[in-house]
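Okay, structure first, notes after.
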There are 2 protein chains.
Amino acid sequence: MQTLHVSLGERSYPILIGDGLLHEPALLAGQIAGRDVLLVSNTVVAPLYAPRLKEALTGRRIVEVVLADGEQHKTLATAARVFDTLIANRCGRDVTVVALGGGVVGDLAGFAAACYQRGVALVQVPTTLLAQVDSSVGGKTAVNHPGGKNMIGAFHQPRAVIADTAVLASLPPRELRAGLAEVIKYGLIWDEAFFDWIEAHLDALLARDAPALGHAIHRSCAIKAEIVSRDEREQGERAFLNLGHTFGHAIEAATGYTAWLHGEAVGTGLLIAADLSARLGMLDQRVVGRLHALLQRAGLPVAAPRIGAARALDYMRLDKKVQSGRVRLVLLSGLGRSLVTGEYPDGALDATLAAHFG
Amino acid sequence: MQTLHVSLGERSYPILIGDGLLHEPALLAGQIAGRDVLLVSNTVVAPLYAPRLKEALTGRRIVEVVLADGEQHKTLATAARVFDTLIANRCGRDVTVVALGGGVVGDLAGFAAACYQRGVALVQVPTTLLAQVDSSVGGKTAVNHPGGKNMIGAFHQPRAVIADTAVLASLPPRELRAGLAEVIKYGLIWDEAFFDWIEAHLDALLARDAPALGHAIHRSCAIKAEIVSRDEREQGERAFLNLGHTFGHAIEAATGYTAWLHGEAVGTGLLIAADLSARLGMLDQRVVGRLHALLQRAGLPVAAPRIGAARALDYMRLDKKVQSGRVRLVLLSGLGRSLVTGEYPDGALDATLAAHFG
């Protein structure tokens, strides 16, 4: 088992990464202080892993919420269902919410934990690659609004993240590929050597080679932990983590959060962001080419839906990175180097959107 | 104008208290950084003061939400309406939410500000005595759930609190009395001399004598600012501020949040808490007598609804102060001295509830 540490003063917490961690009941039990546990999962994950977690928590009172699967259920109405369950079971401020699942479960259960009684303990048990490398770490929680993704949320750090890499064996291939988009993102924004490593080890990652996956998860979480520790509430460089996401959110919103997985939309978004960076003369065109090839080898989509540039921009304007009406963009100033800016020629953005969205 | 300071590091903010502050447009305008303002008020307050605030904010884009009046509207559904408005108007992360109204408006608008895009700026402009002395200060925001008051919420400190004491002239007498219950609370929990002062100046307060109200608000806010600065997230002594509230919440919940004003329920709750403290031998019975007389002189109810002790306890168990199934109580260990404890003989609580709830 490898342990990373997210340094946030009294909100610091460990990320535990290893093969078979869900078979070590003391790991989870040790993170839970009170008597009551609310276990939140979904219809896909619950049958696979909920019994094991419940066994690990023998002696505690366990209340369960099983959500329908899919981003379209990450809503305020679903969060209200979690609140109803907590209250119907008279869970107090000492309840611990355990989020067992992918990004949707983690974001939604995290938001419920952030708001219930103004904040209760949360433990993240991510079961997808995307959740293990990204969404379970860093304390961002949210639900979607029909008008925009993650528009209603809170910063609420977990007490611990327990990432059992063994669960990735049962992950659908499409979900594995979607997670790789976020892994690639870390190389792009922060670490050229890691990007090189991903290129060299992509076949092993796709084949679910355990050491390769373990390294990819550890390095991704280490980068995220470092960035989050420096800038918990996204006043500055934490926004680098959103590379490709503003474009990706437009893709997700335009397709009703159902046709594209989040990681798929981010993958295409990375390419659009890199393309725009190159058009602005900040990034070598060859990096765009390498990224395009890598996404294709990973089986990720590289073509955005043809919704038109105007509609894409419209959706982008709903993104949280808008400031005084202007979309702030995360761009690449080199491989492994990123920046956030609202200062760019509109023409370059328009041309980029036209090239990708039609 | 008097200025108090809530010391919370980078979340510090001023409380401005004075007669006629809403006639000084620069005060409000100076607290708002961005271009967009969401003004949240209700049908009673909006016609009285919204035009003045909008004038003060000339040049900014102002979006307005006017809520129905009453605690029964402090719900997640109403918060969703605020989110809808923010998103329909494409307000970004740089929007400032201005809460113009009493405790319901402040709590609900504050919660919406806490969650919109994971937190946007909030300015509290309290227009009731209760909101000026209590709910607008300290960063507690929430909505109610049918199963319990303030069950869904967040800690979200405002950028500033602007308390214009002139608005109290138009406050309905019942609202004024309800606010006095919280003023009395500060004397009970923290400051014997202030309790003495309230006794001596109650007639002036009821007659809305400006210097008397000004002092009561300033001293109440000073006590609250001191307690909140020491314990922002209620790990310890901040709970003193909840004296009487667990009993009061039971009264409010049992009566559907409509028959009793929050301050009225708190007033009766203070008396029940003092009575229990005396039964436990911690408080001189004469203090209970003084409190009873003071509440009566203030025109506040001193008799809880006869819902029965069992039902009252049931509602109390839904309170956020429950730990491992046990209700923690704020009690008085003397006039001006409070404590929080889960260690009390159940018999004393039962007898107290039977005496007050039947």
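At-a-glance table
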quantity: Calculated log₁₀ intensity ratio I(q)/I(0) where the Debye formula runs over C-alpha points of segment B:119-170, q = 0.14, 0.17, 0.26, 0.31 Å⁻¹; calculated: -0.42, -0.59, -0.98, -1.13
quantity: 20 Å Cα-Cα reach of B:Lys320 towards lysines, excluding residues that sit fewer than 8 places from it in its own chain; calculated: B:Lys74, B:Lys140, B:Lys149, B:Lys185, B:Lys224
quantity: Computed [θ] at 222 nm, deg cm²/dmol, the protein assembly as shown (DSSP H ≥ 4; -39,500 (n - 2.57); rounded to nearest 500); calculated: -14000 deg cm²/dmol
quantity: Residues whose placed amide H lies under 5 Å from that of B:Leu122, excluding near-sequence neighbours; calculated: B:Val97, B:Arg159
quantity: Neighbouring partner chain Cβ atoms per residue of B:113-125, average, 10 Å criterion; calculated: 4
quantity: Of the DSSP H helices in chain A, those whose Cα atoms cover at least 27 Å axially and whose Kyte score averages -0.5 or more; calculated: A:210-230
quantity: For segment A:38-44, Karplus couplings with θ = phi - 60° (6.51, -1.76, 1.60), whole Hz, Gly/Pro x; calculated: 9, 9, 10, 8, 9, 5, 7
quantity: Sorted by Cβ density within 10 Å, fewest first, the residues A:Asp134, A:Asp196, B:Asp191; calculated: A:Asp196, B:Asp191, A:Asp134
quantity: Global geometry of chain B, whether rounded, prolate or oblate, following the gyration tensor of its Cα atoms and the 1.5 cut on a/c; calculated: prolate
quantity: All-pairs Cα distance distribution in segment B:36-126, expressed in whole percent, bin size 10 Å; calculated: 18, 57, 24, 1
quantity: Per-residue average of Cβ from other chains inside 10 Å of A:142-150; calculated: 3
quantity: Placed amide H near A:Leu67: partners under 5 Å, 5+ positions off or other chain; calculated: A:Ser41, A:Asn42, A:Thr43
quantity: Residues B:Val95, B:Val302, sorted so that the one with the fewest Cβ neighbours within 10 Å comes first; calculated: B:Val302, B:Val95
quantity: Other-chain or far-sequence residues with amide H under 5 Å of A:Ile152's (modelled H); calculated: A:Val143, A:His145, B:Gln117
quantity: Counted charge near A:Arg328, where neighbours are those whose Cβ lies closer than 10 Å (Asp, Glu -1; Lys, Arg +1); calculated: +2
quantity: Unit Cα scatterers, Debye sum, segment B:2-170: log10 I(q)/I(0) for q = 0.11, 0.12, 0.14 Å⁻¹; calculated: -0.38, -0.45, -0.63
quantity: Using alpha carbons only: equivalent-ellipsoid semi-axes of segment A:1-75, gyration tensor based, whole Å; calculated: 22, 17, 15
quantity: Ratio of the Cα radius of gyration of the protein assembly as shown to 2.2 N^0.38 Å, where N counts its residues; calculated: 1.01
quantity: Overall form of segment A:267-358 per C-alpha gyration tensor (a/c, 1.5; a/b vs b/c); calculated: oblate
quantity: Neighbour net charge for A:Asp19 - beta-carbon separation under 14 angstrom, K R +1, D E -1; calculated: -2
quantity: Whether segment B:98-217 is rounded, prolate or oblate, judged on the alpha carbon gyration tensor where a/c under 1.5 counts as rounded; calculated: prolate
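Where a number appears in this text, it was derived from the coordinates with a stated rule and is not lab data. Note that the structure is a prediction, hence the values are computed from the model and not measured. Positions of Cβ are backbone-derived with ideal geometry, glycine not excepted, and every protein chain shown enters the neighbour counts.
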